[in-house]
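To keep things clear, I will list the structure first and then write my remarks on it.
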Amino acid sequence: MSVAMEQEGYCTEHSCTCGPPPKRRRIRRVTILDLLNVDLVRSAIFDYVPLGDLLRSERVCQRWRSAVQHYLRGARRIRSKLHITSPWHPPPPRLCRCQRLLPLDESRDSWYCSSLYKWGAAVEAAPCTAASFEEIVGHCPNIREITFYGFPDREIVRDSVGIGRLRKLKRVAFRNLVTEDEDREQVTDEDVTILLQSNIEELTIIGNDQITGTFLKHLKTNLTSLRLRNCPNLDYKHLLSVLDNLRDVTVLDLSRNSGDVLKNVHLLLDVMPKLEHLELCGYEKVELDGQLKEHARLENLKHLNLRRNRNVNDDWLETIARGHKLITFDVSYCKGVTMTGLTEVCESSKSMSELAIADNDDVSDEDVETIIRLLPFLTVRYFIGLYLLGHCRQRSALGQSVKRTSSVF
């Protein structure tokens with residue numbers, strides 16, 4: 001049966017009672033943004049939401065999108081920090097409650113650029129290659145930490161520093177990244193000098209045979225952390241020429257450099273009264289005359305790494321134990337270390353939380369049990385993670401049981 005239709009759009013058959021369609025009232029759904037105070041949602045709830053779920057919540061509605069973006073930009077008292085990660089860049093080991101990880105892959109150019117455009121104001125740390133440097137400095141005005149894997153064009157970096165795009169940059173790291181299809185160019189002393197024109201407080205260079213140390217002449221007195229690791233051509237004379245600019249350094253890492261650097265490092269320690277973290281590892285073939293051992297009286301020293309040093313023995317440990325309260329201590333692969341020296345260190349540093357004594361054949365599982373009793377604040381996770389029991393020659397029931405607990409972590 002055919003039914004006649006009017007222009008109004010509803011049925012006109014005498015037997016039909018459908019009539020004109022009723023007007024629907026649009027009912028607005030109540031969300032958590034309506035029930036709670038906006039500041040409470042952003043400060044007390046968004047801080048605990050995983051970043052992936054937080055970004056997906058932008059699709060709910062326009063109000064949710066504006067709320068999330070307002071939160072990520074660090075409005076008012078909220079200071080959310082986005083740390084960009086990538087498949088070739090490890091995430092930071094420790095994050096505070098207000099920090100978030102944003103995984104981005106530079107190979108997806110459109111997604112990478114659009115993400116930086118939306119949330120760049122909240123980005124404070126990011127890995128960087130020669131291709132992504134312009135995008136980062138252009139969309140991340142609050143960037144404070146950059147890890148370079150290959151250095152971009154010097155003129156672009158000089159212009160970025162000159163116009164103040166990197167005025168908030170505090171931490172810079174250069175790492176040599178070698179992939180199967182690409183060997184990225186290493187940074188030079190001239191490249192580092194350009195970036196030192198900004199107020200950099202922490203400088204890290206790892207795995208570089210182009211660095212000689214001439215850039216050290218441009219250091220500023222506000223430098224607090226200096227890490228020059230595995231730079232075989234580093235000349236210690238450049239370090240000695242800037243002693244006045246190293247008085248505020250609290251972190252010093254000169255591991256795996258030439259033997260001359262280690263033999264003259266005691267001259268640096270003379271002018272570093274604020275030093276808290278010292279790493280001098282990887283000098284297996286360097287003989288010392290004991291001058292460095294005399295500087296174990298640094299009052300503020302809390303973290304000491306002497307891994308793979310053939311000169312470290314019980315005499316060194318006894319000297320280190322005098323007047324020190326270490327929190328972390330690493331003497332792995334130091335063949336001269338025995339339980340006698342470890343006992344001295346443990347008794348003087350009762351609050352130690354991390355200890356590494358891997359591949360020390362003279363330390364047995366019974367000695368490990370004694371160390372556990374001497375150090376009540378020792379964290380078991382780091383106890384295993386640093387292979388305290390990994391290379392002990394003897395393995396008792398205690399050692400096997402503690403190894404099994406590491407699988408829980």
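Just so it is clear, none of the values below were taken in a lab; they were calculated from the coordinates. Model, not experiment: these values are computed from the prediction. All Cβ positions, glycine included, derive from the backbone under ideal geometry; neighbour counts span all protein chains shown.
Values computed for the structure shown
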quantity	calculated
The stretch 120-257 - Rg over Rh from alpha carbon coordinates, Kirkwood radius	0.95
Peptides 259-265, 117-123 ordered by average Cβ neighbours within 10 Å, highest first	117-123, 259-265
Distance between modelled label sites at residue 45 and residue 107, nm, 7 Å Cα→Cβ extension	3.8
Nitroxide proxy distance, nm - points 7 Å out along Cα→Cβ at residue 130 and residue 217	2.7
Partners for residue 335 among lysines (Cα-Cα distance below 19 Å; same-chain residues under 8 apart left out)	285, 293
